[in-house]
Structure formats: C-alpha cells, structure tokens
Amino acid sequence: MRPSESLNALVQQQKAFFNTGQTRPLAFRLQMLRRLGQAIAREEEAITAALAADFGKPPFETYATEIAILLSEIKFMERHLAKWTKLKRVKSSFLNFPSSDAIYAEPYGVSLVIGAWNYPFQLTLSPMLGAIAAGCCAILKPSELTPATSQLIARLIQEHFPAEYLAVVQGGPEVSQALLELPFDKIFFTGSVPVGRIVAQAAARQLIPVTLELGGKSPCLVDETANLTVAARRIVWGKFLNAGQTCVAPDYILVQEQVAGPLLEKLAQTLTDFYGANPAQSPDFARIINDRHFQRLQGLIDKERVYAGGETDASTRYMAPTLLSGITWDHPLMQDEIFGPLLPVLTYQDLPQAIAQVNARPKPLALYFFSEDKKAKEMVLTQTSSGGMCLNDTVSHLANPHLPFGGVGTSGHGNYHGKASFEAFSHQKSVLMKPSTPDLPLRYPPYQKKLDWMKRAFKWL
Ligand code: NAD
C-alpha cells in the first residue's frame, strides 16, 4: 500500500468508528479524558526526558508548560463537559410560533491535528482534548523537529487508545501534505504563518473547517508610568521562557523614550538574577531547536546593538538571552517573528504614535502593555487588535481555560482552550422543534390578503 493509501485507510477506519456513535456519549468522552490524564501523569518522567533530549528544556518549564497545563485543562473539561454537551435551549421566534428552539453541539467527526515543535507535547495534545470532549476521532501529526517527544506521543496514544479512535502519524511536511488531501471533517493547525496559508488553502479545496493557531511579532509596550522593576521581571520571564521559542513571547519592546535607559538596566539586571552571570551554565535556560534556526538567529545578532548577552555556541546550539538597543523599524530584527532569545528594544515618544506603529503591522497573536495609567490602558485595549493581550504581564493569558486562546488576522483564526476547545471541534447545530398542531396558515400560499397582516405583525417585533 502506498503511504497515502494507508493514511486514507486510517481515516476511513476512523470514519467507520465515528459512525458507530461510540465516541458520542458523555460517559465515553469523560472516560477518555480521564484515561489520558492518568497516562500523562504516569509518564511525567518520560515526558521530561524527551523534551530535555529534543532541546534541553528545563524540567520546571516542561512541568509548568507541557504537563500541568494539560492536566488542568483535562480537569476543567471533566468539570464542565456535562453542561457543554447539553442541548442548549434558546428563545423561539415569534414568526415561528409555536416552536421551541435549541442548539445542539454536534461533533464534526474525524479531525486532523497538526502540531508545532516549540511546546511539542502540549500543542499536539491540547487540541486533541477538544476533539475528545466534542466526541470526535482524531489523527495527530506532531512535529518532526522534536523526534523524542513525537515518538513518546505516538507510544502514549497507541498504548492507551485504539487507532480507529485516536492515532498518531509521524513525519515532516510531505506527510502533512498527504494528510491534508484526505477527507477530514475538521483541521486544527498550529505553526507558522507561511505553512498556515498552505493548510488554509488545502482546507478550502475541500471546504473543511479549520482552526489556525499561527504566530507573528507580538509587541510589548512600556510607558513612563510602568513599574519598571516588575515589568522587567515579567518581560524577561515571558521572553526567555523556552529560550524565546514561544508563539506568544514578547517579540520586541516598544518603550517610551524617557524610560528606555532605566528599563534596559533593569532588564539586564533581571537576566543576571534569573540565569546567573553565565546563562550557558544555568539549568533553567533551553537551547535552540536545530542548526537551521540557530544560524537564522545568529544572523540577526547585530553586534553593535547588543546591550546584554550576545554570546553563542553553535556546538550546543546555545544562544545567550540577548538585549539589543537602539533598534529601528527597518532593522532585520523587525521584519519577521524572531522566535528565539533576542529581544530588540525600540522607543516611542507618545502613545498614539506607538499605537499607530503597532497598527501599521500585521495583527499580532499577543500584545502586552505595562502601565499604571488607566486611560492609557483603555486606549491600548480599544485601539489595537491582537489575538489576546495582557496588561502588566506577558504570556499568562493562555493559562486561563476561561479565556479563549487564538489569533486574529495573520496570527490565526478560531480559538481553543477550555470551552473554546470543545467548540472548535463541534458544529453548533440549530434545532427548531414544532408541534404538529396548530399549523397556522399565514405563511402558506395563496398569500392573498395575508401581506397586510404580515406587515402589521412585523411592526410588533
Ligand atoms: P511550522 O509551520 O514550520 O510547522 C508546523 C507543522 O506544520 C509541523 O508539524 C510541520 O511538519 C508541518 N509543516 C511544515 N511545513 C509544511 C508544509 N509545507 N506543508 C504542510 N505541513 C507542513 O511551524 P513550527 O516551526 O513547528 O512552529 C513555529 C511557528 O508556530 C511560529 O511561527 C510560532 O509562532 C507558531 N506557533 C503558534 C502557536 C499558537 O498557538 N498560535 C503555538 C506555537 C507555535
């Protein structure tokens, strides 16, 4: 069998299983969520080891950003799923009198989840939680750039779930593209903007609903009223977590001119506080994923602009957490998402100017603003567009399952986390339920004399 034929066979197998209806009962979904949660908890050591092998991810970060976040999502879903799956009654329309109306969350069917490498465990399994909760089957395609983690995901799913329900297919772009040709009922993609376009086009050819979790340059604004000590800590934490390889990492700082100097000093001091005088020796700082990305990032280190850091070691793919000052909008660092431990600092004169500069660029996945000025915060909230935002923090909004997480514009469309994950894999089916009697004749032809009555009725709406 050719690879595409075996992939198609797997999809057909899942379709047949989905059509048996076994994935739909609430009890089955809860049981599968619980089973996955227990498996993840049992495999904590193996998960930590796989991520360390793939790119030296510190155990603390693995626990916080790959394991705990999934376990808390599972708990959240277990707690709320009964409510989400209930037929949701809505008001009926006067025009349809008499009727009772409701929304039924119907599972899409067989879904494809394509994951990115930077949080390879969490980013592949978190969408799958939505698929399970919604009553779907799923095929996962984890990233080929994290082979140890992808292998672990494949083993974990194979050991605990039948392939006609959940399955893992490993491979690179060719495998991804072969999968995108198949008749899925839903596609959920996490990755870069250019590949997001390829996925969207493939989905459009078959009119498959698609969620795109993409990236971009997420700005971090700091004004003169900000608490600079706290801002520096929260920015350094959010930026250098996972060595800057985070979709919602602050990509660059845009700071009000007067406080640029003090902020840079505090950022540099925080780097030393967090990672010591030589971050290469810190057990708390990850490495760059591969040589290609290492070379790309090295090319962006403008030695003349380095304010702190700048050291690299190609043999271990170590790149120091680096601050670059005096950067302008036309600098190479400001063209594409950096996705690494380089933090350029730009300045602005007044807030409307900063907002205009942000708004002149593609809509980011996240936007951060540090300020103690209520009016300024209101301005940034209402006059900018981004997937999500934090006021006086970075990154943390994605850890609240009550907040839908996703992009806008080129940073993606659709949301997930918590209820939004359930909704991402569900079709909201409108249901109108009408008794057979009475069967009011107003809407039926012949229409003679009914038009005036209809117009009068509309005036009352
Ligand atoms: P990527 O787009 O290179 O790869 C993502 C997935 O797509 C991988 O599984 C890969 O095998 C597959 N792929 C690669 N090329 C393909 C092609 N030509 N056709 C079909 N499939 C293909 O992204 P990445 O490097 O793994 O991840 C980094 C990017 O992802 C960054 O831009 C980052 O901002 C973004 N990201 C976004 C989120 C989010 O939640 N919005 C989360 C993490 C990462």
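Which of the following residues is open to solvent by less than 40 Å² (accessible area, probe 1.4 Å), modelled with pLDDT of 95 or more, within 13 Å of the ligand (Cβ to nearest atom) and more than 18 Å from the chain's Cα centre (by Cα): Ala268, Ala203?
Exactly one of Ala268, Ala203 is open to solvent by less than 40 Å² (accessible area, probe 1.4 Å), modelled with pLDDT of 95 or more, within 13 Å of the ligand (Cβ to nearest atom) and more than 18 Å from the chain's Cα centre (by Cα), namely Ala203.
Of the residues Leu125, Leu112, Leu140, which single one is farther than 22 Å from Ala200 by Cβ, open to solvent by less than 10 Å² (accessible area, probe 1.4 Å) and among the hydrophobic types (A, V, I, L, M, F, W, C)?
Leu125
Within segment 434-453, how many residues are loosely packed, with under 10 Cβ neighbours inside 10 Å and of a type in the set (Lys, Arg)?
1
Collect the residues in segment 332-361 that are open to solvent by 60 Å² or more (accessible area, probe 1.4 Å) and either of a type outside the set (A, V, I, L, M) or outside the structural domain of Lys375 (by TED's automatic domain parsing) (or both), keeping them in residue-number order.
Passing the criteria: Pro332, Gln335, Asp336, Thr347, Gln349, Asp350, Pro352, Gln353, Asn359, Arg361.
If we scan segment 148-155, do we find a residue that is within 9 Å of the ligand (Cβ to nearest atom) and either surrounded by fewer than 17 Cβ atoms within 10 Å (Cβ to Cβ) or of a type outside the set (S, T, N, Q) (or both)?
no
Can you spot a residue in segment 171-194 that is β-branched (Val, Ile, Thr), farther than 23 Å from Ala50 by Cβ and within 10 Å of the ligand (Cβ to nearest atom)?
Yes, segment 171-194 contains at least one residue that is β-branched (Val, Ile, Thr), farther than 23 Å from Ala50 by Cβ and within 10 Å of the ligand (Cβ to nearest atom).
Applying the selection to segment 357-388, what residues are in contact with a Ser or Thr (Cβ under 9 Å, 6 or more places away or on another chain) and within 16 Å of the ligand (Cβ to nearest atom)?
Pro362, Lys363, Pro364, Leu365, Ala366, Leu367, Tyr368, Ser386, Gly387
The values are calculated or read from the model by the stated rules, or taken from the named source; none is laboratory data. Because the structure is predicted, anything quoted here is derived from the model rather than measured. Because the Cβ atoms are built from the backbone with ideal geometry, glycine has one as well, and the counts that use them run over all protein chains shown. When the accessible area is computed, the model is the full protein with side chains, heavy atoms only, and any ligands, DNA or RNA have been set aside. Shrake-Rupley method; radii C 1.70, N 1.55, O 1.52, S 1.80 Å.
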